Amino acid sequence: MKNSKNSLRIGIAVAVIVGTIGWLAFSGYGSSKSYYVTIAELGGMGDKAYKSNLRVEGFVQPGSIEQSGPHVTFLLNEFESHSPKAASGHLLKVVYKGSEPPPDTFKDDAQALAMGTYGRDGVFHATELQAKCASKYAPAQNGSAPANPRAAAAQAPQNGAPAMAN
């Protein structure tokens with residue numbers, strides 16, 4: 001009889017622990033899930049856009065960055081400013097209110113990824129911001145100077161000797 005009561009108590013404790021872990025896993029999964037959408041797709045999502053965590057990528061519109069400490073307001077364009085399609089591209093106003101300032105690579109024409117929620121006011125409220133500057137890594141155009149002066153120095157022959165690769 002005593003062995004049966006201990007088994008019952010252990011069984012109930014195990015069931016409570018497993019149930020709690022399962023509930024935490026399920027609720028954590030739902031809250032961390034986010035949808036990746038383009039600026040153009042965002043408008044066609046309907047009510048789902050206002051209820052979901054989203055990730056939106058675009059190019060920072062030149063001259064649109066307004067920074068106040070770690071908070072930034074800017075416009076995302078679906079096309080780079082030097083693209084012929086830029087004038088007809090969809091624009092999205094983004095308000096970033098994160099705990100950290102935006103990354104150093106966040107500047108005009110940078111490709112940016114904003115994570116947050118879309119408000120009924122038509123503004124994307126970002127809590128995370130990532131940026132990359134692809135122009136820094138673009139190959140040099142014919143006849144123009146290389147982007148990296150060290151690379152140019154390494155390629156130039158010294159006193160008639162062939163160039164050495166690093």
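No value in this document is a laboratory result; all are computed from the given coordinates. In this text, all values refer to a predicted model and were calculated from it rather than measured experimentally. Every residue, glycine among them, receives a Cβ derived from its backbone with ideal geometry; neighbour counts consider all protein chains shown.
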Potential extension, Glu66-Ala15 segment - 0.36 nm per residue separation minus Cα distance: 13.0 nm
Most to least packed among 99-105, 87-93 [average Cβ atoms within 10 Å]: 87-93, 99-105
Lys93/Phe26 FRET efficiency (R0 45 Å; Cβ-Cβ; nearest 0.05): 0.85
The stretch 34-137, dipole about Cα centre (Lys/Arg Cβ +1, Asp/Glu Cβ -1), debye to the nearest 20: 160 debye
Gyration tensor (alpha-carbon) shape descriptor, the stretch 34-137, a/c threshold 1.5: oblate
